[in-house]
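J.: Before anything else, here's the structure in question.
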Amino acid sequence: MDTLPPIPIKKHRSFFRRLLVFFLVFIGLILLGLVVTAAFFQKQVTEKILSNLRKTLKTELQVRDHKLSLLSGFPDASLDLKGVRLGGAFGGNLLEAEQLSFRFELFSLFSDNILVKSVVVRDGALVLKTNKNGQQNYEISKDVTPAKTSKPAENNASIALQNADFQNIELIYENKQTNQAIRLEINQADFSGNFSAKKFNLVSHADFVFDFVESDSTRYLAGEKMNYTASFDVDLTQDLYNLQSVEANLGGNVFQVSGIVINKPDFTDFNLKMDSNEGDISMVFNLLPQKFHDYFSDFQSSGMYACSGTVKGRLSKTQTPTTTFGVRLRDGNVTSDKLQSPLRHAKLQAMFTARPDGLANFEITGFEGDFGGSPFRLDLKINNLDDPTVDLKTSGTLPLAAIWGLFDLPEISDGDGFLQIPSLEIHGKYADMISMNRIPFVTATGQMIFQNAELTYNKIPVQFQNGALRLAGNDVFAEKINLRLGESEIFLDAAARNLLPVLLADSLNSEQARLDFTGKMAARKLNVSELIKMFSIADTTKIASPQILDSMKIARTVEHESVTGKLNGIFEAKIDEYIFEKITGKNFSGKIAFDQNVLMLKGETETMGGKIAVEGEHKFDKQPSLQLRCAIQNIDLKTCFEQFDNFDLDFITAENLKGRLDARVAAWAFWNEKGEFLEDKTRALVDLTGKNGELGGVKMFEEFSTYIHLEDLKRVKFTQIQNFFEVSNRRLIIPTMFIQSNAVNMTVSGTHTFDGAIDYKIKVNAGQVLLNKMKKHDSGLDPLPVGGGVFNLFYVVNGTTDKFDYHRSKKTVKAEFERGESQKRGMASRLDYVFETAPKFPEIVSFLERPENNRERE
């Protein structure tokens, strides 16, 4: 057998090794060449590109830094510009970008023309503006059409652009002519096509978020996400864009767009069609103004859904295309976090139409559904959105257990019962609805009936056990309403006028809307403490930071001022029993009135074993204030101290007191913008008369047991005491006052601060004290006679109620008594003036009784 010759393996291996080494060396030389080229020619290449770019621009182009790379995109080269600023046509920047990258053919570096193939813009902002004269800030290109010449063309940076990519760019568009603006955040957007050709196919993908779309100061699409994939046929010879395939997703609604757009210098022609079968009614809410869009942002639906729209016609300075957009829903369920159970079996048809003459209409027809078997229906037409005429019809039953979240208030946490609407119709111009003068031109009829309706507000149940609201033109009537607010039970009959202007008033109440009302209120029980707690912010914001809590309190104060500023009317009030903190009373009869930002109260009540007549005014300003005037008759001193928590005193409490009081009191209280009580600004004047009083068990008196029978000090009984007092700057001022008692007759003057600091001047009939000390204790506690004794002692007592010192000083005490008498006369004069010049309670005439309304009824 013949044997095969041996295979020269070594030679083959040697050949491949040499070939591999050759390629490695070749590639290394190429890489080295590229690095050397980039190092030596970076400045020249960069200057060449920037110089030619600047030749095409009317505005300044600034670059902080630059870098040429020949390796990263080989066989293409790239130029990265850092810190780019490109000026706009009339001031400001058109483009700001942290990075602007050009990609171009590597070997065009060595030719006269550098062919730029793509551009990438990262981390910046693109600002497009049109001013009132129609000038555009992006008109920055020079006319670079070359003149006919036999000379060779100068070096140029030719653009054979195939791709443009934007990443993390804020796009701002403002058009002063049309009063429109758009602001959005582009996460990523790319455009691909042969942009150097006259006819080409453009493919684009984008993902962005709308900050807002603004038209005539009304904002839309706030916070909505959108992405799309699009394919266009572009014909630059005719400025024609043929939308072959466009699929967009707006807020989860997917729709397809097709049609043609032709752009001319003075106008743009549209013939577009949009269809979608993948989405829900959130598409309708996406098109609403921001304040409504935010409210409905989480509303979704299931069921048979479809929407379609068209844009046909010409857009120019004098023309607008016809735009239609419609949504249909059948057999659907509508859900939202604001709905505690879905609206079932929902159907609706909504249509928006904008005509070439500028008139735009919106209509919802046949909106039906039910909450757990309770049906509801609504029809709404709004004609001419620029000057809207509203036609609203609704009826049905609303279970509050399902819809309490629609109130969108964090204080409301639950609901029960039903609000029945047999019918409600409102028709008229919106401009008339917000105007006090033109509201009579609005037609409004309807009724809402409460059927054990209940809402939980700040954890306190608010129950409308029965009653109804009836709407008749501009009048609304609250009829036989039985209202329970926690422990309080109120019966209300009232009438009001101008409800719509008040409800629709803007934040500044520029139309001066005012709710006129009159009514009668009766209460079996009124728990004022609980009502105040209901409207407390702190109860619902315990986790809020102090700064947030303060801002919320300020906002609540402003809100109160805004609401009360629209009120003008009067209630006759009768309250069988009431409670405020520990203060209890009964049989209040009086009037409560609002005169814009002032709440006025006038009435009489039985409390603390006596009677009080009270008048007061509370001003709901940014810094609220209260003024009260009280005439007090024969109240029990012990009960008074009990119900007022001993006025924060610890050395004399209700356990130490007996007796009766008559008094006149004028008091002024103030709060800051956060609703915090300003104790240092509180003022009061008091004219007090005490009768048959007794002090018992006051430990401070035991200091004087060396001079006075201890038994007398344990029970000090005094005759009638009359004096004036003043509270000012957290201090009680006591002018000169004579006290006649079984223990000692003395004259007192001094001050007592809210912090317990005391400064008293006391004159004691020492002779009488010594005589009394030598006698047996008088168990009858008969007062010592006025006068008697042969000499007096004068003491100055100062320190605190816990620790005080006293020393004798006749001169100091006498001087203080003289000043105290002057103070007393001043207090009496000022108190008389306050009561004599008190604001008269307004004679508010019910609007139902005014002559002009009588003529209307006739």
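The values are calculated or read from the model by the stated rules, or taken from the named source; none is laboratory data. In this text, all values refer to a predicted model and were calculated from it rather than measured experimentally. Glycine also receives a Cβ, built like all others from the backbone with ideal geometry; neighbour counts cover every protein chain displayed. Remember, those area values only see protein heavy atoms, side chains included, never the ligands or the DNA or RNA. Shrake-Rupley method; radii C 1.70, N 1.55, O 1.52, S 1.80 Å.
J.: Considering only residues of the range 245-302 that are over 25 Å from ARG330 (Cα atoms), of a type in the set (A, V, I, L, M, F, W, C) and part of a strand (DSSP E or B), which is most open to solvent (accessible area, probe 1.4 Å)?
T.: The residue in question is ILE260.
J.: Filter the range 162-199 for residues that are under 17 Å from ARG103 (Cβ atoms) and either assigned to a loop (DSSP other than H, G, I, E, B) or in contact (Cβ under 8 Å) with a residue 40 or more places away in the chain (or both) and give the result.
T.: GLN162, ASN163, ALA164, ASP165, PHE166, GLN167, GLY193, ASN194, PHE195, SER196
J.: Which of the residues that make up the range 668-703 are assigned to a strand (DSSP E or B) and either at pLDDT below 65 or farther than 22 Å from ALA838 by Cβ (or both)?
T.: Correct list: PHE677, GLY690, LYS691, ASN692, GLY693, GLU694, LEU695, GLY696.
J.: Right, something else. Any residue in the range 642-667 that's in a helix (DSSP H, G or I) and at pLDDT 75 or above: show its pairings with residues that are open to solvent by less than 30 Å² (accessible area, probe 1.4 Å) and of a type in the set (Gly, Ala, Ser) at Cβ separation under 8 Å, as long as the two are six or more apart or on different chains.
T.: Close Cβ pairs (under 8 Å, with a partner that is open to solvent by less than 30 Å² (accessible area, probe 1.4 Å) and of a type in the set (Gly, Ala, Ser)) amount to GLU642/ALA654.
J.: Turning to a different aspect of this structure: Under 21 Å from SER529 (Cα atoms), at pLDDT below 85 and among the polar types (S, T, N, Q), is that true of THR557?
T.: yes
J.: Is it true that TYR228 is in contact (Cβ under 8 Å) with a residue 24 or more places away in the chain, open to solvent by less than 50 Å² (accessible area, probe 1.4 Å) and touching a His at 6+ places or on another chain (Cβ under 9 Å)?
T.: So TYR228 fits the description; yes.
J.: Here's another thing I want to ask about it. Of everything in the range 60-76, what is over 30 Å from ASN137 (Cα atoms) and either at pLDDT 80 or above or not aliphatic (A, V, I, L, M) (or both)? Give them in sequence order.
T.: Scanning the range 60-76 gives SER69, SER72, GLY73, PHE74, PRO75, ASP76.
J.: May I pose another question? Taking only pairs six or more apart or across chains, which ones have beta-carbon atoms under 7 Å, a first residue in the range 307-330 that is farther than 14 Å from LEU272 by Cβ, and a second residue that is open to solvent by less than 60 Å² (accessible area, probe 1.4 Å) and of a type in the set (Ser, Thr, Tyr)?
T.: Close Cβ pairs (under 7 Å, with a partner that is open to solvent by less than 60 Å² (accessible area, probe 1.4 Å) and of a type in the set (Ser, Thr, Tyr)) amount to CYS307/SER276; GLY326/SER308; LEU329/SER301; LEU329/TYR305.
This table checks each residue for (1) out of contact with any Lys or Arg (no Cβ under 9 Å at 6 or more places or on another chain); (2) open to solvent by 50 Å² or more (accessible area, probe 1.4 Å); (3) within 16 Å of PRO440 (Cα to Cα); (4) among the β-branched types (Val, Ile, Thr).
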{"site": "LEU471", "(1), (2), (3), (4)": "yes, no, yes, no"}
{"site": "VAL476", "(1), (2), (3), (4)": "no, no, yes, yes"}
{"site": "LEU483", "(1), (2), (3), (4)": "yes, no, no, no"}
{"site": "GLU487", "(1), (2), (3), (4)": "no, yes, no, no"}
{"site": "ASP493", "(1), (2), (3), (4)": "no, yes, no, no"}
{"site": "ALA496", "(1), (2), (3), (4)": "yes, no, yes, no"}
{"site": "LEU504", "(1), (2), (3), (4)": "yes, yes, yes, no"}
{"site": "ALA513", "(1), (2), (3), (4)": "no, no, yes, no"}
{"site": "ASP516", "(1), (2), (3), (4)": "no, no, yes, no"}
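J.: For the range 488-508, enumerate the residues that are of a type in the set (D, E, K, R) and at pLDDT below 90.
T.: ASP506
J.: Go over the candidates LYS338, LYS347 one by one and state the one that is among the basic types (Lys, Arg) and under 33 Å from the mean Cα position of the chain (by Cα).
T.: LYS338
J.: Give, as residue ranges, the strands (runs of 3 or more DSSP E) completely inside the range 714-765 that count at least 3 residues that are modelled with pLDDT of 85 or more.
T.: Answer list for the range 714-765: 721-728, 731-739, 746-753, 757-764.
J.: Of the numbered conditions (1) within 22 Å of MET534 (Cα to Cα); (2) within 29 Å of the chain's Cα centre (by Cα), ILE439 fails exactly one; give the number of that condition.
T.: (1)
J.: Here's a follow-up. If the Cβ limit is 8 Å and pairs must be 6+ apart or interchain, which residue in the range 394-410 that is on the phi > 0 side of the Ramachandran plot and at pLDDT 90 or above pairs with which residue that is surrounded by fewer than 19 Cβ atoms within 10 Å (Cβ to Cβ) and in a helix (DSSP H, G or I)?
T.: Listed pairs, sorted by first residue: none to list.
J.: Let me ask another. Do the conditions hold for GLY358, that is, is it free of Cβ contacts under 8 Å to residues at least 40 places away in the same chain and in contact with a Pro (Cβ under 6 Å, 6 or more places away or on another chain)?
T.: no
J.: So if I check each of LEU339, LEU343, LEU315, which one is in contact with a Phe, Trp or Tyr (Cβ under 7 Å, 6 or more places away or on another chain) and modelled with pLDDT of 90 or more?
T.: It is LEU343.
For every residue, the table says whether it meets (1) over 31 Å from the mean Cα position of the chain (by Cα); (2) farther than 30 Å from LYS429 by Cβ.
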residue: ALA453; (1), (2): no, yes
residue: LYS459; (1), (2): no, yes
residue: ALA472; (1), (2): yes, no
residue: ASP475; (1), (2): no, no
residue: ARG484; (1), (2): no, yes
residue: SER488; (1), (2): no, yes
residue: PHE491; (1), (2): yes, yes
